[in-house]
Amino acid sequence: MDIIVSGVKKTFAEGLTVAQLLIEEKVESPEYVTVAVNEEFVEGEAKAARILTSGDQVEFLYFMGGGR
Amino acid sequence: MALSDAQLERYSRNVILKEIGVKGQKKLLAGKVLIVGAGGLGAPAAMYLAAAGVGVLGLADADRVDLSNLQRQIIHATPDVGKPKVASARETIQALNPDVEVRTLEGLVQADNVLELVADYDFVIDGTDNFPAKFLINDACVLAGKPFSHAGIIRFKGQTTTWVPGQGACYRCLFVAPPPPDAVPTCRQAGVVGALAGVLGSLQAMEAVKYLTGVGQLLTGRLLTFDALSMDFRTIKVARRPNCAVCGPTPTILRPVDLQPAVCDLKAAKTA
Ligand SMILES: [Zn+2]
């Protein structure tokens, strides 16, 4: 199945969960990354429960604390 | 009031734009923008807004200019090292454009002064460098109904979003709460390219200009991310969080609260 991850179409095996995608994509410190699937936030235990389906659009939002 | 001949010449590149014109320039001259943090983001934002003729620029910063700031904080120069940043920034702005009234706060923006501070302005630019400050500014602006531009930068990456009352996600919708101290690196620990700060600070100034003149589409409900290494700009649509603690229908944050900055930053700030 194809999933759009951060705007890029990628192919994964069926049944992939959000938690597994975070590992597959080697997302650093995933506990501090906001995940949105089709513009809906997926959090906490829902990450392991949420099974992605073909065409899902996944975005990772990262903390960026600098500015000065 | 009509624009003087000198103003028509100074702002001719604004005035000639059909979207801005004399009318838009007058809005800029009547506009008041608060910039919290006269550093990597605040420096370019303040300079472009000063150049554009924004009538009042508020600058809040507790720090003094350090030699390590000059790699990116272009509002300060080598002779300014040791001066309060707000004083150094004021001098640069006044030399750039005497039309601009500069108001300074040499001190920390905190829970006990943030609401009073933002109340005097039309638009706020978050140019701070730590999560507690970014959440404080978000909460204060949401509570006060004050439009603001958020931005964050680290290494070669930056991101920015704009919040306007009733329009789109706030910073707390995107990130529920600050990460634990030192869980996520700051620029002081991780480094940042000066030109990257310039890109993001300029984008924040752009949003302020658009807000004041009513031109174009603001970055509301969208997070713009920029990766300088790949040169990818993306805008990610972000929804409001239905249970957001500050902008949601049943908020639990009813007034600004001070949070502890990262421990390493505190130490560094004391020795700075
Ligand atoms: Zn919110």
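Every number here is computed from the coordinates shown, using simple stated rules; none is lab data. Nothing here was measured: the structure is a model prediction, and the numbers come from that model. We place every Cβ from the backbone using ideal geometry, glycine too, and count neighbours over all the protein chains shown.
Using the alpha carbon gyration tensor of segment B:14-252, what are the three equivalent-ellipsoid semi-axes (square root of 5 times each eigenvalue), largest first, in whole Å?
Gyration-tensor ellipsoid for segment B:14-252: 25, 22, 18 Å.
Roughly how many nanometres apart are two label points built 7 Å out from the Cα toward the Cβ at B:ALA30 and B:ASN243?
So the label points at B:ALA30 and B:ASN243 sit 4.4 nm apart.
With N set to the number of residues, divide the alpha-carbon radius of gyration of the protein assembly as shown by 2.2 N^0.38 Å and report two decimals.
Relative to the 2.2 N^0.38 Å estimate, the protein assembly as shown comes out at 1.01.
Which parts of segment B:17-58 would a label at B:LEU8 reach, counting a residue when its backbone N lies under 20 Å from a point 7 Å out along Cα-to-Cβ?
Counting only backbone N, you get B:17-30, B:52-54.
For segment B:14-252, what is the relative contact order in percent, using Cα pairs closer than 8 Å and at least 6 residues apart in sequence?
21
Determine, for A:ILE4, B:ILE75, B:ILE20, the number of other Cβ atoms within 10 Å of each Cβ, and report the residues in order from fewest to most.
Lowest count first: A:ILE4, B:ILE20, B:ILE75.
Order of B:HIS76, B:HIS150 from fewest to most other C-beta atoms within 10 Å?
Fewest-to-most ranking of B:HIS76, B:HIS150: B:HIS76, B:HIS150.
Are there trypsin sites (Lys or Arg not before Pro) in segment B:1-83 that DSSP marks as loop and that have at most 10 other Cβ atoms within 10 Å, and which are they?
Answer by residue number: B:LYS18.
B:SER202 versus B:GLU116, label points 7 Å from Cα toward the beta carbon: distance in nm?
Using points 7 Å along Cα→Cβ, the separation is 3.8 nm.
Remind me, relative contact order of segment B:119-205 in percent, using alpha carbon pairs under 8 angstrom and six or more residues apart?
Relative contact order for segment B:119-205 comes out at 32 percent.
Quick one: putting +1 on the C-beta of Lys and Arg, -1 on the C-beta of Asp and Glu, what dipole do you get for chain B around its Cα centre, in Debye to the nearest 20?
Using only the charged Cβ atoms, the result is roughly 660 debye.
Tell me the relative contact order for chain A as a rounded percent, counting alpha carbon contacts under 8 Å between residues six or more apart.
45
Grab the alpha carbons of segment B:1-153, take their convex hull, and tell me the volume per residue in Å³.
114
Around B:ILE75, with a cut-off of 13 angstrom between Cβ atoms, what is the net charge of the other residues, counting Lys and Arg +1 and Asp and Glu -1?
Spelling it out: positives minus negatives among the neighbours equals +1.
Which pairs in the list B:LYS23/B:LYS210; B:LYS23/B:LYS134; A:LYS47/B:LYS146; B:LYS26/B:LYS157; A:LYS47/B:LYS237 are over 24 Å apart, alpha-carbon to alpha-carbon?
Beyond 24 Å: B:LYS23/B:LYS134; A:LYS47/B:LYS146; B:LYS26/B:LYS157.
If you rank B:CYS173, B:CYS141 by fewest surrounding Cβ atoms within 10 Å, what's the result?
Placing the least packed residue first, the sequence is B:CYS173, B:CYS141.
For B:231-242, what's the mean count of beta carbons from other chains sitting within 10 Å of each residue's beta carbon?
3
Shape of segment B:24-90 from its Cα gyration tensor (a ≥ b ≥ c, root eigenvalues): rounded if a/c is under 1.5, otherwise prolate when a/b > b/c, or oblate?
Verdict is prolate for segment B:24-90.
Which value, in Å³ per residue, describes the convex hull spanned by the Cα atoms of segment B:115-202?
Considering the Cα atoms of segment B:115-202, their hull volume per residue is 100 Å³.
What helices does chain B have that are whole DSSP H segments, at least 18 Å long along their own axis by Cα, and with mean Kyte-Doolittle hydropathy of 0.5 or more?
B:131-144, B:194-213
Under 1.5 on a/c is rounded, so check that first for segment A:2-62, then, if it is not, pick prolate when a/b is larger than b/c and oblate when it is not; a ≥ b ≥ c are the square roots of the alpha carbon gyration tensor eigenvalues.
The shape class here is rounded.
Mind checking the mean number of beta-carbon atoms from other chains within 10 Å of the Cβ atoms in B:147-153?
Neighbouring Cβ atoms belonging to other protein chains average 2 per residue here.
Under 14 Å Cα-Cα from A:LYS10, which aspartates and glutamates qualify once same-chain neighbours fewer than 8 residues away are excluded?
Filter leaves A:ASP2, A:GLU24, A:GLU25, A:ASP56, A:GLU59.
Run lengths n ≥ 4 of DSSP H only: what is the helix-derived mean residue ellipticity at 222 nm for the protein assembly as shown, with -39500 (n - 2.57) per run over all residues, to the nearest 500?
-9000 deg cm²/dmol
Would you mind checking which residues have amide H under 5 Å from B:LEU59's amide H? H placed 1.01 Å from N; only 5 or more apart, or other chain.
For B:LEU59, the qualifying residues are B:ILE35, B:ARG103, B:THR104, B:LEU105.
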